[in-house]
Each structure stands twice: as C-alpha cells, then as structure tokens.
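The values are calculated or read from the model by the stated rules, or taken from the named source; none is laboratory data. Because the structure is predicted, anything quoted here is derived from the model rather than measured. Here Cβ is always computed from backbone atoms with ideal geometry, including for glycine, and neighbour counts include all displayed protein chains. Keep in mind that these areas ignore ligands, DNA and RNA; they rest on the heavy atoms of the full protein, side chains included. Shrake-Rupley method; radii C 1.70, N 1.55, O 1.52, S 1.80 Å.
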Amino acid sequence: MTPFVSVEGLSKTYTARSLLRRSRAATHAVRDVSFAIARNTIMGLAGESGSGKSTLARALVHLDPPSSGEVRVAGIPLARLGRRGLRKARRRMQIVFQDPHGALNPRLRIKYSLGEALANAGVPRRERRARAVELLRLVGLGPEHLDRYPRAFSGGQKQRIVIARALAGKPEFLILDEPVSSLDVSIQAQIINLLMDLKQRFGLTYLFISHDLSLVSYVSDSIGILQDGRLVEYGPAEQVLKQPRSEYTRALFDASPAMHRER
Amino acid sequence: MPSLRFFLGKLGRLIATIFAITSLVFIVLRVLPGDPARTIAGLDADEREVAALRAELGTDRPLGEQYLSWLSATARLDFGASFFHERPVVDLIRERIPLTLSLSVAAFAGALVLALPLGVAMAVRRWGAVDYLGMGFSHAAMALPEFWLAILLLLGFAVLLGWFPLFGAATPRHFVLPVVALALSRAAVLVRLVRSSMIEELDKEYVLAARAHGLPEPRIRYRYALRNALLPVITVGAIQFGYLLGGSIVIEQVFSLPGLGRLLLSAIYRRDFPVVQGGVIVTAVVFSGVNFIADLLYSAANPKIRMR
Amino acid sequence: MQGRTGDHACVLQVRDLHVTFKADGESAEALRGMNLDLRQGEIHGLVGESGAGKSVLLHTLLNLNRGASFVRTTGRVLYEERNLLELFEPEIRRIRGAEIAIVFQEPAKHLNPGLTIEEHIRDLLRYHLGVTRRPAGARTAELLELVELPLRVLRQYAFELSGGMQQRAMIALAIACNPRVLLADEPTTALDVTVQRQILELLLRLRAELGLSVLFVSHDLAVVREVADRVSVLYGGKLIENAENSALFDRALHPYTELLLRSVPSAAMRGRALNVIPGTVPDATAVPPGCAFHPRCPIAAERCAIELPELRAHHEDHSVACFFPGQLVEPAGRQG
C-alpha cells in the first residue's frame, strides 16, 4: 500500500545574512529526513528543543519551502504544485499549533474565526453557520459558544476550537505541533481522546509532534526521533519502544520519567 | 565596556547621519527650484547684480562641483559669512553656542533630578498620593507650552515677587527661570517614562525572586529594578535633549538670552541663509552626537547588547 | 490541631491556611484551609493542576503575597516554633533565602538580566551572612562546584547560559546560605528531558549532602513519582490526599487522584482510551460548595455537595479528604 504522506530526503537550511558578509556556514535546521505515514495512522515525532521539530512541520506543508527533498501527500508531490494548487492542497492538511491562546484572534468572535476558515475552504456563505455549529459539535462544544470571544474560554476549550477550525476544510492530514503541552493533565486527556476519536471517525492521518515521550509512545503507530535536525530513529512504535536502534533514543527514554513502568 | 566593533559601528552611523544631514541641507538650498542669488539680491535687483552674486556664491557652477566644495567647506566648518552681521557664521555660532548648550544641559540635569526620584516614588507606591500628584504635575506641564510656562514663571517670580531678573544673561540668577521652564516640560515627559518603566521592572519575576531571596527592599528597588528601568530612559532622554535644543529657541526669545536659538530665529526673519544653514547643521550634529553618546551608555548598561 | 505529625520531626507546618485575592471585583479564595507537614529531610511532592493553589502556597510560605489584588492571609505557617505570617518584614527577610529558599520554574526570568551570576550570589552572602569580598570568593567557588557549574559562569549573565545551566545557577543561589528548607516551584518544567533528569539528580544529591527538606511542586505526576518521598495532592485550594509515594501512586484513595493518575498517557496505556475527568478545575472565584470535586466526581453522593470532607488519616500515614475513600471502581483491564 502506498503511504498517504511520504517525505523523501527533506532538508531545510537557513542562511544567516548579515549586512557585510553572507554567513559561510548555513544552519541545517532539518537534514535529509525521510519517512512515510500510512493513511489513518499516527506518526509521533519527538525530540528536544531545537531539534527541528517545528521547522520540519512547516517545511512539510511548504509554509517554508524545503531546501531540498520531496513531500508527497496522497501521491501528489507538493513542490510541483503552483501557488494555487498548493493553497488547494493545504486544505487537505492543517497544522494545529501548541499555544491555543495565540492561535485565535482575541478580537474575533468564534463564529468569525470559524467562518473565515470555512470561507477559505470554499463553503458558501449561507451554509457557514450550520457548518460552524457542526464543527463545534464535533469537538464537544455547542452553538451557544459561537458568539463568544476567545477570552471567555479555558485553555482546553480554546484548543478544541482550534481543532474545530482545522477541520473546516475537511482535511485528511493534520500536523499536531505540541497540541496539549500547555494544558493541564486532566484536560490533556480530554483533548487526546478527542483527537483519537476524530481520527477514527474521519479516517484522518496525523503527524503528532511532542517533546513528551510518554505521550508520543501512547498515541503513535510509528515513531520518529529528531536530534539536531536528523531523524536518528524511525520505525513502528512497538519496535522503537522495545528495541530502539539509536543510542540517543535509549538515552531519551531513560531520562524521561514514566508513570507506568514496564520492561 | 562596549566592544570595539559596536563602538565603530555606532561611530560609522554617526558619521553617515551627519553626512546625510549636510547633504540634505545642500539639496534643500541649492538643488530645489529657487535661486538663492535672486532671493538675496531682492526682486528689484537687475540681472547683472544677480549674476555677480551667483558668481560670488558659486551657484553658477555645475551642481556636482558645488556639492563637493560645499562638503569640503562644511567639513572645515566654513559656512560662509552672515549677510546681516557680515562676519563668518562659524564665529557667530561659536559665540552663541555655549549659552544654549549650558542652558540645555542644565535643564536636562534638572529634568532628570526631578523625574528620577519622583518617577521611582510614583512606581513604588502605585495609585498612592505621590503618584496622583506626580501624574497631575505631568499632565499640567505637558499641556502647557514651554513659552507659556516661561511667561507664567516670569510673571510670578520676576514681575510679582521680584526674586529673579526679568531678562538678560548677566549673572547665573538670570538662568534660573529659563532652566526651570525648560526642565519642567522635559521632566513631565521623563517622569511618566521612569514611572512606567519602573513599574514594568518591579512586576518582573526577578524582582519577586530577589524578594524571595530575602534581599532588602531598597536594594531590590534601586540596584535591581531601577538599573534595568533606566535603559529606556537613556534612549528617550537623548531625544528629549533634542527637544531641549529646539525648545531653547523659544525660551531664549522669551528671556532675551543671546543664544544659538535667538541667532537662528532672527536669521530666519532676515533671510540670512548662511546663518540658518550653519545653525541647522550644528544643531543636527549636536543632536546626533548626544544620540551617539546615549547609544554607548545604553550598551554599557545593557550586557545583552554589550556582548554582541 | 488537625493533621498528624506522628513521630516525624517537621520543619515546616501549615495550619488552616486561607489566602484571599480579588479578581475583577470578586473575592477569590486561592487557598481554603490548607494543612501540610514538611518532614525533616524529605522530598515532599505537591501535585495539582493550574488554579489548585500550588504557587500561591509557596508564595504564602515566604509571606510574599502583595500587590493590589491580594486581600488577606489567615492561618499559620510554623517554622521553628514561630508563625512566619506574624513576623515583621525584617525578621521574615532573614528567613527568606537564608533558611527557606526557593527555586523557580523559569530561571531565565527569575535571574536579573543586569547582574552576573557572581553578583547574584555575592548579594545573598552579603545580606544574609555579612560575608565580605574575599571569603565570599571561596564560597561562590564552592557553590558552583556543588551544582556542577564551571567557574567561568560566575562572570556570565543569565542570557549567556543554557536553560539547564541557568537552573543550576538558580539552585546555587538557593543553597548559598545553607537553607534548611528548599521550595521548588516546577523546577524542571521548562527543561528538556535529559536536562530535567540532570537537575532532578542534582536536587536528590543536594538533599542528601546538605540535609535539605524539599517541597517539590509540580503538575507532572511522573516527575513527582520519581523524586518524592511523600506526595500531597491539591484541589480547589485544599489538600485532598497525602501519602507516602508508592501508597499514593499504587493505591490512591481520593477519586480525583485516582482519575488524574489514569489520565496520564504512557506506552503502557497504548490502545486504550485515556480516562477523562469531565469538566474543568474550579475557578477560585467559584469553588463548588461541599467537596470542591463533587461536580466532576463519578461517585459523588448528595452529602458531597453539602458537607466539606476534612483531611483524615485513612490508615497509617495515608490521609484523604473524601467521604468515600478508595471506592472508585477499577476500570476493566487496568494493570497495577
């Protein structure tokens, strides 16, 4: 079976520019990363700060075009798409960022935040309200929330709204960049369950990025570990958890405090 | 201390700024439409007179050549001679500038002496009596134009009470009222800045940490918070000094002080262009110089910049 | 007096602590009758979600609450037979940082950007111990060695150091005056796992070497499980459960604790849905009457909405504030 998302030799380099001279050493934020995600599965991506997790996410959907390498989503190479085609393709893949507080415009009522996303997805104006209510239902909120401003919501509720917005264009692939890191433990569980539920219901595919190894271990079907922009570990979750190939992965798992010890 | 690279960078910027200012003055006066010779000679002068004046001023030569000679003259502080005083502009400026500078420096010092302790006191007891009084002062002094404040001071302390002389520059007592007038207006701005900057610092986590470490409150306020709160004050202070140079034009007029401001003002009335040019350039250079010093001070006080 | 101290020597005792703030004109009780014993030499984990009152408790222990929104504190914080809340400012100042020291979550923000690490340490030594320049030099060097930092760090500013080094510097400050009690406010939350591990090991070593008693506040149950000897759980401004580490993690008695433990994801939970506690933590302005947890509790009875359960010893060394302790049914297929 062909994978739904495939990434081949992806690199992203930043050249620091100063007025007088081009910096000789380009910074490799992501180097030669390859992986594939099967439809309706979750790939977990873990790594410490500065390992290139977010850069990889942005390069993957061509928010920052990669320096080299190829990304295919549903068999379509993103680099070959023009500006228009890319915009269309982006509806099928969405990024959900860590900070739900920054992700919503504080001056917009929820219905406008959702309405904007629905408009981008090409939903006709008269259908938007009904669709917005439907989106809120999907994430466990109700029509009474449409007229409120983001500040009226707790962190967990905001993250639900952000997820609802990401679902506006009926995407097939979600990149979840630390989706629960800023939330309390009990709220984290609610959001994770919601995400797992949505995945089953709509046959979604996830790239789940987190610094939390326990969380990545819990959600993932396959796991990748990034270190200094390189994918030092990649494989089916069972295998990575039981017999990690790289020394670094082992060190990470050893350092990571665990609630439920096994092995 | 700032690194050499930082210093050279800022120095380069200073030189570039001065170069830009002099070029701008040249463009305004020579390149834009209008013939200085015609203006100087007057509308009723005949064509021969104007041509002679053009030759004398050098405005009949090509622009590039004019620009180069303008630059080299400016570099030698040769701004030409005043039409009215019939003396070199540089001499006129040299005579007047000490008064204006000392007026500005004294007023700046006065503004700081008033604004720093007051702003800190206001920040420490937020919404207390001192804070309200300070805000009241700041509002009032910002609303009143400097010259109006100056006239009020003159009326009160010179005319009614007779404590200070009305005008002139004969003794230090002559400078008290102009300095106070200038200082109060600048202090009104600075005191708000000190207050808000200090409040911002006092709310930062490191202040809480210092308290949790059991350090004495005065130490926390002055050594910890104030030091960091002063950083924005340095930058804004330099701009305020620029306002002082501008403000002294009016104040010198009100108190009849023979400073650079008065020289400039009367030169503008008399269309005495060489004096205006010289005055503008010197003022701009002083202003840039003050900003340069402020940059150095800022970097000396801020390790993050210093290390770069 | 509530709360058993038993045979254990306590360095710090909190008794019926109430702290009130004002939020948007409403009065908010951040702590509503806290009781806590910090025993000599233990690492006492304090667990709770945001709004449970963890940080407020730490600030109150040092009597640091101030500002326009702060209203009042009642109750007692007993340290060496004195109530810290009744001390005058100069007296409490001699205790802050010298006898009870604190380490914060974000070292970058809690270190003064305008001072070097050495200047920070010097200030502490000077004001608490009256140590002058030369002996201070020897002590600073010793401190750096204790927290495993190179000497060059002394001349550096916080922004020049990595997160882990900043936290080590923070810890050096905290232990500079040989405190008896160390309050740790989420000291590793902002750090990467490998660095977190190093800092936790450092804290464990310092506890042993310096005989510190540590109050370790964290929202991270896994971290607390690894370092704490005893664990207390906070909910709605009150302590609802307190037990020895393994007792709490293996046989939690309070339904909130139990559900919280079951909601933590891990490899062992793969393939099973996480347990979810419905609703959200109560806001301090609107804490439900009776047991604060009752609206979210699956086994709540009528009584829970009316009566406030007190923290009582359920059995030896395990206290809980619940009318139905240990009665939450185990979900099917859960392994111990």
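Checked against (1) buried (at least 17 other Cβ atoms within 10 Å of the Cβ); (2) among the polar types (S, T, N, Q); (3) away from every other protein chain (no Cβ under 14 Å), B:S256 passes all but a single condition, namely (1).
Within the range C:286-313, residues that are closer than 15 Å to C:L234 by Cβ sit with their Cβ atoms under 8 Å from residues that are surrounded by 14 or more Cβ atoms within 10 Å (Cβ to Cβ) and polar (S, T, N, Q), at 6+ positions apart or across chains, in these pairs: C:L311/C:N35; C:L311/C:N242; C:L311/C:S319. Screening the range C:253-281 for residues that are more than 20 Å from C:K54 (Cα to Cα) and in contact (Cβ under 8 Å) with a residue 60 or more places away in the chain and picking the one that is nearest to the other protein chains (Cβ to nearest Cβ) gives C:A268. Residues of the range B:166-188 being open to solvent by less than 40 Å² (accessible area, probe 1.4 Å) and at pLDDT 80 or above, which ones? Within the range B:166-188, B:H174, B:L177, B:P178, B:V179, B:A181, B:L182, B:A183, B:S185, B:R186, B:A187, B:A188 meet the criteria. Of all residues in the range C:186-206, those that are facing another protein chain (nearest Cβ under 8 Å) and either open to solvent by 40 Å² or more (accessible area, probe 1.4 Å) or charged (D, E, K, R) (or both) total 2. Looking at C:A292, is it in a helix (DSSP H, G or I) and of a type in the set (G, A, S)? The answer is no for C:A292. Can you tell me which residues in the range C:113-133 are part of a loop (DSSP other than H, G, I, E, B) and either of a type in the set (A, V, I, L, M, F, W, C) or in contact with an Asp or Glu (Cβ under 7 Å, 6 or more places away or on another chain) (or both)? The answer is C:L115, C:V131.
Against the definition (in a helix (DSSP H, G or I) and open to solvent by less than 50 Å² (accessible area, probe 1.4 Å)), how does B:L153 come out, yes or no? So B:L153 fits the description; yes.
Quick test for you: out of B:A225, B:A183, B:A187, pick the one residue that is in the same structural domain as B:L152 (by TED's automatic domain parsing), farther than 16 Å from B:M142 by Cα and assigned to a helix (DSSP H, G or I).
On the way: B:A183 fails: farther than 16 Å from B:M142 by Cα; B:A187 fails: farther than 16 Å from B:M142 by Cα.
The conditions single out B:A225.
Only residues that are touching a Lys or Arg at 6+ places or on another chain (Cβ under 8 Å), within 16 Å of C:H110 (Cβ to Cβ) and in contact (Cβ under 8 Å) with a residue 12 or more places away in the chain were counted in the range C:122-152, giving 1. Right, B:L265: open to solvent by 40 Å² or more (accessible area, probe 1.4 Å), touching a residue at least 12 places away in the same chain (Cβ under 8 Å), in a helix (DSSP H, G or I) and more than 14 Å from every other protein chain (Cβ to nearest Cβ) or not? In short, yes. Inspection of the range A:65-81 finds a residue satisfying the criterion of being part of a helix (DSSP H, G or I), out of contact with any Ser or Thr (no Cβ under 6 Å at 6 or more places or on another chain) and open to solvent by 30 Å² or more (accessible area, probe 1.4 Å). B:L296 - would you say it is closer than 30 Å to B:F83 by Cβ and part of a helix (DSSP H, G or I)? In short, no.
The condition (being farther than 14 Å from B:V276 by Cα and open to solvent by less than 50 Å² (accessible area, probe 1.4 Å)) is satisfied by just one residue among B:A111, B:A75: B:A111.
Scanning the range C:207-223 for residues that are touching a residue at least 60 places away in the same chain (Cβ under 8 Å), buried (at least 19 other Cβ atoms within 10 Å of the Cβ) and assigned to a helix (DSSP H, G or I) returns C:R207, C:L221.
If a residue has to be hydroxyl-bearing (S, T, Y) and surrounded by 18 or more Cβ atoms within 10 Å (Cβ to Cβ) to count, how many in the range C:142-175 make the cut? It would help to see each step written out before you state the result.
First pass over the range C:142-175, keeping only residues hydroxyl-bearing (S, T, Y): C:157, C:162.
Among the residues that remain, those that are also surrounded by 18 or more Cβ atoms within 10 Å (Cβ to Cβ) are: C:157.
Residues flagged as hydroxyl-bearing (S, T, Y) and surrounded by 18 or more Cβ atoms within 10 Å (Cβ to Cβ) within the range C:142-175 amount to 1.
Of the residues making up the range B:199-237, those that are among the basic types (K, R) and either open to solvent by less than 30 Å² (accessible area, probe 1.4 Å) or within 10 Å of chain C (Cβ to nearest Cβ) (or both) are B:K204, B:R211, B:R219, B:R223, B:R227.
Scanning the range B:268-280 for residues that are open to solvent by 10 Å² or more (accessible area, probe 1.4 Å) and either aromatic (F, W, Y) or in contact with a helix residue (DSSP H, G or I) (Cβ under 8 Å, 6 or more places away or on another chain) (or both) yields B:I268, B:Y269, B:R271, B:F273, B:P274, B:V276, B:Q277, B:V280. Tallying residues that are closer than 25 Å to A:A36 by Cβ and within 10 Å of chain C (Cβ to nearest Cβ) within the range A:181-208 yields 3.
Which fully enclosed strands (runs of 3 or more DSSP E) of the range A:149-237 have 3 or more residues being open to solvent by less than 10 Å² (accessible area, probe 1.4 Å)? Write out each step before concluding.
Details: elements: A:173-177, A:205-210, A:222-227, A:230-236.
By residue number, A:173-177, A:205-210, A:222-227.
Please enumerate the residues belonging to the range C:134-176 that are among the β-branched types (V, I, T) and not in a helix (DSSP H, G or I).
Taking the range C:134-176 and keeping what is among the β-branched types (V, I, T), we get C:140, C:147, C:153, C:171, C:175.
Passing the criteria: only C:V147.
Being within 30 Å of A:E8 (Cα to Cα) and assigned to a helix (DSSP H, G or I): is that true of A:R84 here? Yes, satisfied. Of the residues making up the range C:82-121, those that are within 21 Å of C:L38 (Cα to Cα) and in contact (Cβ under 8 Å) with a residue 60 or more places away in the chain number 9.
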